[in-house]
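The values are calculated or read from the model by the stated rules, or taken from the named source; none is laboratory data. Source: prediction; values computed, not measured. Don't worry about glycine lacking a Cβ; one is built from the backbone with ideal geometry, like all the others, and counts go over all protein chains shown. Surface areas here come from the heavy atoms of the whole protein model, side chains and all, with no ligands, DNA or RNA. Shrake-Rupley method; radii C 1.70, N 1.55, O 1.52, S 1.80 Å.
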Amino acid sequence: MAEAAMGGYPEHARVTGDGSDASTISAAAPAGVGLRFEVDGEIATVTLDRPDKRNAQTFATWSALARIGETLPEQVRVVVVRGEGPSFSAGIDLRMFTPEGVPGQESFASAAALADTEFEQRIAEAQKGFLWLRRPEIVSIAAVQGHAIGAGFQLALACDLRVVADDVKFCMKEPALGLVPDLTGTKPLADIVGVPRAIEMCLTARTVGAAEAVRLGLAEIAVPASELAQAVEDLAAALLGTDRAAAAATKRLLQAAPGRTLEEQAAAERAEQVVRIRALFGANG
Ligand code: ACO
């Protein structure tokens, strides 16, 4: 998928802080994809960087996101996903709906000719760009201003936490375009807002603003647009104040909690705590 767009190395990729391998970072964010990737100590920042096209996403964007996930430096504990310009992301690049598609990449028209398994494999590869943001070892924060439409909304939903500007406009537009949201967004959306509200939001393709997003739990906090970066920085700093191993173990527990019975969850808590207390107080701790 999108191999033609995956060649080359980044013009913007930059590594600051300690201990990162510049060649790893370079390979993760190819030039021309419209993504920037920066590591500063324990914080990595992924920036959608095609503001003139409202950070519209293509197969190449998702491949590059997946590569970032695969090559994320081990020291990283917080990943911030943000968008340059007035909008976080206007979703999928609408050129993918045209017969010509995005140069060097598959269009929907060409993908539609694939066999089912191959077609689903293409979608699975795109989903890889989103799924790594849930890893227990990291906390991912979406910093969202302006429009977050379709794939943009799903990218924000792929993150553990959302900090939004007061001008945010979430919209799940896929059904209005004859598609389903398939970039891993339906589960977090339904988990957060509940199935009835998710049906209402997706099937009307209406816009959800900042106040409603906070009320529904779609955003942890809404701030004036000028304070978005600082609010994200403050949250990242607070998250980094917690012990690394305890944070990962606690995230593992919380992620699994909705799918477990109380007894199962209590057993999982015991198992994680044995490891923690041995690490802190055991003979080899
Ligand atoms: N794909 C490709 N180009 C886009 C996209 C997109 N999704 N969204 C915006 N652009 C481009 C515009 O074509 C325009 O390019 P141009 O300057 O070369 O003409 C530029 O970005 C700026 O767009 P405007 O519409 O002028 O910006 P504005 O801030 O007024 O509006 C908005 C932003 C509301 C996001 C509007 O651009 C829009 O509705 N975009 C399409 C949204 C959409 O339907 N996305 C698909 C969702 S479904 C999915 O993601 C699977």
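Numbers at a glance
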| quantity | calculated |
| --- | --- |
| With every protein chain in place, the chain: carbon and sulfur % of accessible area (1.4 Å) | 57 |
| C-alpha long axis of helix 195-204 to longest principal axis of the chain, angle in ° | 20 |
| Mean separation of Cα contacts under 8 Å (6+ apart) over length of the range 93-153, as relative contact order % | 14 |
| q = 0.16, 0.19 Å⁻¹: log10 I(q)/I(0) that the Debye formula gives for the range 63-221, counting C-alpha atoms only | -0.94, -1.28 |
| The chain: angle of helix 59-70 to the longest principal axis, Cα-based, in degrees nearest 10 | 20 |
| Heavy atoms of Glu70: accessible area, 1.4 Å probe, square angstrom to 10 | 120 |
| Three-way shape call for the range 166-273 based on the alpha-carbon gyration tensor, with the a/c threshold at 1.5 | oblate |
| Counting DSSP beta bridges with both ends in the chain, the antiparallel % (nearest 5) | 20 |
| Calculated [θ] (222 nm, deg cm²/dmol) that DSSP helices of n ≥ 4 give over the chain, each run adding -39,500 (n - 2.57) | -12500 deg cm²/dmol |
| Average accessible surface area per residue within the range 220-285, 1.4 Å rolling probe, Å² | 69 |
| Long-range amide H partners of Ile92 with built H, under 5 Å | Gln57, Ala151, Gly152 |
| Acute angle (nearest 10 degrees) that the helix 262-281 long axis makes with the longest principal axis of the chain, alpha-carbon atoms | 60 |
| Cα principal axis extents for the range 157-197, largest first, Å | 29, 21, 20 |
| Amide H contacts under 5 Å for Val144, placed H, 5+ residues apart | Val163, Val164, Ala165 |
| Nearby lysines by direct alpha-carbon distance to Lys128 (threshold 18 angstrom, same-chain neighbours under 8 apart not counted) | Lys187 |
| Solvent-accessible area per residue for the range 45-186 (1.4 angstrom probe, square angstrom) | 37 |
| Sorted peptide list for 50-63, 99-112, 249-262, criterion being average Cβ within 10 angstrom, highest first | 50-63, 99-112, 249-262 |
| Cα-only Debye scattering, the chain: base-10 log of I(q)/I(0) at q = 0.10 Å⁻¹ | -0.55 |
| Charge dipole magnitude, Cβ of K and R +1, D and E -1 - the range 127-261, Cα centre, debye nearest 20 | 520 |
| Proximal aspartates and glutamates to Lys169, defined as alpha-carbon separation beneath 13 angstrom and excluding residues fewer than eight positions away on the same chain | Glu212 |
| Percentage relative contact order, the chain, counting C-alpha pairs under 8 Å, at least six apart | 14 |
| Rg [Å, one decimal], Dmax [Å, integer] - the range 225-264, C-alpha atoms | 14.7, 46 |
| About the Cα centre, charge dipole magnitude for the chain (Lys/Arg +1, Asp/Glu -1 at Cβ), debye | 420 |
